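Everything on this sheet refers to the single structure shown next.
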Amino acid sequence: RRIGFPWSPPLVRRTLLEVSGTILTAQLAVEFGLACNLGGGTHHAHWDWGSGFTIFNDLAVAAKVIQQQKRANKILIVDLDVHQGDGTAALFANDPSVFTLSFHCEKNFPFRKQKSDLDVSFAAGTGDEQFLDTLRRVLPSLLSSERPDLVLYDAGVDVWAGDKLGELQISERGLADRDRFVIETCMDAHVPVACVIGGGYDDDRHKLAARHAIVHKVASSVWVEREPWKAFGHKRHELRHSEAAHV
Ligand SMILES: [Zn+2]
């Protein structure tokens, strides 16, 4: 009941695919500079219990797998979904190798918030200007102070003004500006970024899918403009070299 979904075999399959998809996305991002999952962002799941439509925390699993594979040491999780990434915050509360940033609406679930490394809580009704100004102030300085090897970006679209659950007032243009800012700022700082779609709630699934696809459209345009795979190519080479050295 806490998870919010009835158990079924397709749910198990979906959950496992979602987590593996985020691991693969993070691996591809480290190798090519930028990658997106078509799912992911199950940020309410804790160590031993699921919550809020999320069963396993894909962001946490991907961060630990990437670290264990020695593809990255320091990881920054940028969670801009309307709901606080409470599971992620709790899982990494005592882990300085993963920095958790959560933007969310104070009025939305979870009602008992956890403590992220940095929480930015907005009042219901906050619009593009305040949200984006805050993001422009916070993200570049975090990238320079934390110096992550990888950013995991939760691009939840439930911050959108018409979302069924979200209480913020971000426009579709604001979603695209937000996604572009996150991805370009990471590219500028030479930090690979792996994007997941996060939450979004709408009775019209086609419109919802189109809204989730904004991050993919933005990423594909940045991919063409910036050609990140070239800049990250030497890392790819080093990785292969060190893998070969281990064999
Ligand atoms: Zn959400």
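The values are calculated or read from the model by the stated rules, or taken from the named source; none is laboratory data. The structure presented is a predicted model; accordingly, all values stated were derived computationally and were not measured. Neighbour counts run over all protein chains shown; Cβ positions are idealised from the backbone, glycine included. Just so you know, the surface numbers come from the protein's heavy atoms only, side chains and all, with ligands and any DNA or RNA stripped out. Shrake-Rupley method; radii C 1.70, N 1.55, O 1.52, S 1.80 Å.
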Out of VAL196, ASN108, HIS83 - ranked by how far each Cα lies towards the positive end of the dipole of the chain, with unit charges on the beta-carbon of charged residues - the top one is VAL196
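Between VAL12 and TRP47, what FRET efficiency follows from the Cβ-Cβ distance if R0 is 30 Å, with the result rounded to 0.05?
Numbers: r = 19 Å, r/R0 = 0.64.
E(calc), rounded to 0.05, equals 0.95.
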Quick calc: nm separation of the 7 Å Cα→Cβ label points for HIS206 and VAL138 -> 3.5
Restricted to the stretch 9-246, the DSSP antiparallel beta bridge percent, nearest 5, is 5
The answer for CYS36, listing residues at least 5 apart or on another chain whose modeled amide H is closer than 5 Å to its amide H, is CYS195
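How charged is the neighbourhood of GLY199? Take every other residue with its Cβ under 12 Å from the Cβ of GLY199, and add Lys/Arg as +1 and Asp/Glu as -1. Don't skip to the answer; put the middle values down first.
Values: positive: LYS164, ARG211; negative: ASP79, ASP81, ASP154, ASP158, ASP163, ASP202.
Around GLY199, the surrounding residues sum to -4.
Rolling a 1.4 Å sphere over the protein heavy atoms, what is the accessible area per residue of the chain, to the nearest Å²? Present the calculation step by step, with values, prior to reporting the outcome.
Values: 12070 Å² over 247 residues.
Normalised by residue count, the accessible surface of the chain is 49 Å².
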Between LYS70 and LYS217, Cβ-based FRET efficiency (R0 30 Å, step 0.05) works out to 0.40
Note, the stretch 109-118: 3J(HN,Hα) by Karplus (6.51, -1.76, 1.60, θ = phi - 60°), whole Hz, Gly/Pro = x, goes 3, x, 7, 9, 7, 8, 10, 7, 4, 9
Once both label points are put 7 Å beyond Cα along the C-beta direction, the GLU129-ARG2 separation in nm becomes 4.2
In the chain, taking the dipole from +1 charges on Lys and Arg beta carbons and -1 charges on Asp and Glu beta carbons about the Cα centre, the listed residue (ALA161, VAL215, PRO10) farthest towards the positive end is PRO10
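Averaged over all directions, how much area does the convex hull of the C-alpha atoms of the chain cover when projected, in nm²?
Details: hull surface 53.2 nm².
Taking the Cα atoms of the chain, their convex hull projects to 13.3 nm² on average.
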Taking Cα atoms only, helix 9-32 is inclined relative to the longest principal axis of the chain by an angle, in degrees rounded to 10, of 50
Between the alpha carbon centres of the stretch 126-147 and the stretch 8-45 the gap in Å comes to 25
With Cα springs under 10 Å, the Gaussian network model of the chain assigns the largest mean-square fluctuation among SER116, SER221, SER97 to SER221
One finds the C-alpha centres of the stretch 210-231 and the stretch 153-191 to be spaced, in Å, by 14
The correct pair for the stretch 151-220, radius of gyration to one decimal and Dmax as a whole number, both in Å and from Cα atoms, is 12.1, 39
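Only loop residues by DSSP count here, and only those with at most 15 other Cβ atoms within 10 Å; note down the chymotrypsin sites (Phe, Trp or Tyr not before Pro) in the stretch 82-152 that meet that. Please report the intermediate quantities before stating the final value.
Values: sites: PHE92, PHE99, PHE103, PHE111, PHE122, PHE131; in loops: PHE92, PHE111.
Here the chymotrypsin sites (Phe, Trp or Tyr not before Pro) that fit, given the DSSP loop and packing criteria, are PHE111.
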The helix 172-188 Cα axis meets the longest alpha-carbon principal axis of the chain at an angle in degrees, between 0 and 90 and rounded to 10, of 20
Excluding ligands, DNA and RNA, the carbon-plus-sulfur percentage of the accessible area of the stretch 9-246 with a 1.4 Å probe reads 55
